[in-house]
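To keep things clear, I will list the structure first and then write my remarks on it.
All of the numbers you see were taken from the coordinates with simple rules; none came from a lab. Fair warning: this is a prediction, and the values are worked out from it, not measured in the lab. Heads up, the Cβs are rebuilt from the backbone with ideal geometry, glycines too, and the neighbour counts pull from every protein chain shown.
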Ligand code: UDP
Ligand code: MG
């Protein structure tokens, strides 16, 4: 008893001395089944940290009782602040709102479905205290369906192969970032299409990966629909690589050179009238090869147009400069 009181006093004392603060940024979209559990597990883990902390919950336009629950939390606990967005803007914009409003010296980003366990956070924070400015999580095991696992793993490998910057394999948004890095993301990277894990890699600084086992979603439905997931993947690919644009050049050259050789061959064939596979030029009208070639090239050209379209639609979004999230209300008890 006495020992635990002394420990508690030491803990409070070191916190007062350190004056550092940690912000835990969590986007929330219809997570009523997880919120209470999330809060309890965080509140239990927090006393083992040396610093003071705030929990920044972003309500991304929830339609269930999440917001009501968060209001109660903010009312009861001054550590909790709630940023209510004006509608559902999506995971990445919600995180962007959270890191913009976070006040901490270190900012943690994690999911609200307890796939990123709060009990692991101390390991990440230790690395930050050692002086690393970005401590990102690398998933060792994924407890997700076969298809999703394959999709994720191939996405990260394609990204690594073609992206202009080095985005660590199998690392999501779960991370600790130093204030310095967050300032770069918030103030110096005004892009509308936010691909946080790419932007974090782009920012640089001293980065390190820490492995962890990604848990299953504790409760409730997945909030990332397949469409949103594909959108995220495309944002990553097109936002951090211009390889797809160059692809048309490569393909063009690869198709043009053999075509030229074949063309010259047939020209000579016609001019000199020698036999190919036992046929004279008059016997080889070559309709089939023409059709195949035409459809093939048509397909290639449409694909390339589509790729250019992807970039143009992104340029369009960027030049409009609309806010990528709108804050309706900040709920906190001072
Ligand atoms: N989320 C959000 N807005 C959305 C979709 C998801 O804020 O439009 C939140 C969600 O509440 C959760 C996190 O983002 O805290 C990750 O979502 P989810 O678990 O559905 O995605 P996954 O684990 O499949 O990546
Ligand atoms: Mg999840």
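Largest GNM mean-square fluctuation across 215, 102, 256, computed for the chain with C-alpha springs under 10 Å, falls on 256.
Just 131, 209, 263 to compare: in a GNM of the chain, with alpha carbon springs under 10 Å, which one fluctuates most? Result: 263 has the largest fluctuation of those listed. Only Cα pairs under 8 Å and 6+ residues apart enter the sum, and on that basis the relative contact order of region 114-267 stands at 35 percent.
Considering Cα pairs under 8 angstrom that are at least six residues apart, work out the relative contact order of the chain and quote it in whole percent. Over the chain, the number comes to 22 percent.
I need to check one value: relative contact order of region 69-188, counting alpha carbon pairs closer than 8 Å and at least 6 residues apart, in percent.
Values: 96 pairs, mean separation 41.2, N = 120.
34 percent.
Between 138, 58, 312, the residue with the greatest mean-square fluctuation in the GNM of the chain (Cα pairs under 10 Å linked by springs) is 312.
May I ask you to order 77-86, 38-47 by the average number of other C-beta atoms within 10 Å around their residues, highest value first? It would help to have the intermediate numbers written out before the result.
Values: 77-86: 19.4, 38-47: 16.8.
Going by the mean number of other Cβ atoms within 10 Å, highest first, we get 77-86, 38-47.
Calculated mean residue ellipticity, 222 nm, the chain: -17000 deg cm²/dmol, from DSSP H runs (n ≥ 4) at -39500 (n - 2.57) each, averaged per residue and rounded to 500.
Taking N as the residue count of the chain, its C-alpha radius of gyration divided by 2.2 N^0.38 Å amounts to 1.35. Spatially, region 141-216 and region 50-73 are offset by 24 Å when compared through their Cα centroids.
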